[in-house]
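Worksheet: the structure to be examined is printed underneath.
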Amino acid sequence: MIADLIGGQFPSLLTVSFLVGIVVGLTGMGGGALMTPALIFLGVPPTTAVANDLVAAAANKSVGAAVHWRTGSPDLRLVKYLVIGSVPTALMGGWIVSLLGDDGAQQDTLKLIIGVTLLIAAVSYAVRLHLDASGGVGRRQGMETVVRPAPTIAIGAVGGLLVGITSVGSGSLIMVALVLLYPMLSARKLVGTDLVQAVPLVVAAALSHVVTQGVTWSVLIPLVLGGTPGTYLGARLSKRVAPSVVRGGIVIVLTLTGLTMLKVPPTVVGIIGCAAVLLCPVVWALVRQRLERQASIETEESYTI
C-alpha cells in the first residue's frame, strides 16, 4: 500500500506541486491554472486531476492565507461578499461535471472546458501585467476602499462556477476582476484578500468533487506534501520578490497549455510558443516605454499646473 502511494509518479508530482505552490504563495495566482494541466500532462485523467487538485488546494491555500492573515493584508469585507457568491456555485461544480455524460465524455469535454478556461486565465494574467506596469494596481492606494456588494458577489459567483468545474480561476480570474473593481487596493492586499477568499471557495468545490468523484490518494498525498511548503515559502517571499517577474512566463505557459488542451496541432503550438518567447519581451519592452513616457508627460503637466 505504501509502495503504491510513494512509487511511480510520486517524485514528479511532489516536485511540480512544490513549484506551483511557490507561485501561488508569491502571486496569489496560478494554482489550478498550472497544477491541473500539469497533472493531465502527467497522465492523470482530467476529472481526477480537478478533484484532487481542489482537495490539495484547500490545504495549500490555507497555509498561504494564514501567512497573509497574520500580516493584516486581506480585506475581510471583500472576502465576505466574494464567499457569498462563490461557495454556492462552487458546490455545483462536481454535479455539473457528472452531467457531461459517461466517463469518456466527461474526460474529453472537461479537457476542452479547461483549455478554454486556461486561455481566459492567460488573458487575465496579461491584463494584470499591464495594470501593474501602468499603475493600475494600488493607483489610489491610501484611499478608503468603498465596497460594492453586488458586483463583488457576482465576481465570486462566476469565479466559483469556473473553479467548481475546472479548478482554474480562484487566483487568476477573480484576482484580475478585483483589480479592475478596486484599483485602490495595494498588490499585497489583493494577494491576501484573494488567498483568504479562495479557502472556502476551494473547500466547497473540493467537497462537491469528493462526493461525485472521490479522491486518489497516490495523487493527493504528493500534491499536499509538496504544495503546502511551497505555498508557505512563496507567501514569505512575496515581500521580497516582484510577482510580475513570474507572471510574464505564466502567460506564455497558460496560452500554450490551453491550445494543447483544445487539440491544436503540436506544430502550430510550437510555432506560437517560439513566436511568444521571441516577441513577447520585445512587445513588453515597447509597452513599458510607452507607459513610462506617458507617466513622464503626466508628471511634467502636473508641475506646469
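The values are calculated or read from the model by the stated rules, or taken from the named source; none is laboratory data. What you see is a predicted model, and the numbers here were worked out from it, not measured in a lab. As a convention, Cβ positions derive from the backbone with ideal geometry for all residues, glycine included, and neighbour counts pool all protein chains shown. Each accessible area value is taken on the protein alone, full model and side chains, heavy atoms only, with ligands, DNA and RNA left out. Shrake-Rupley method; radii C 1.70, N 1.55, O 1.52, S 1.80 Å.
Accessible surface for Trp95 stands near 140 Å², nearest 10, in the context of the full protein assembly shown (1.4 Å probe). Inter-label distance, Ile96 to Cys274: 3.8 nm, where each label sits 7 Å from its Cα along the C-beta direction.
Under a Cβ-Cβ cut-off of 14 Å, what is the net charge of the residues other than Ile84 that fall near it, where Lys and Arg count +1 and Asp and Glu count -1? Surrounding charge for Ile84 is +3.
Given their separation in residues at 0.36 nm each and the Cα-Cα distance between them, Ser12 and Lys80 gain 20.8 nm when the chain is fully extended. Rounded to the nearest 10 square angstrom, Phe18 shows an accessible area of 70 square angstrom against a 1.4 Å probe.
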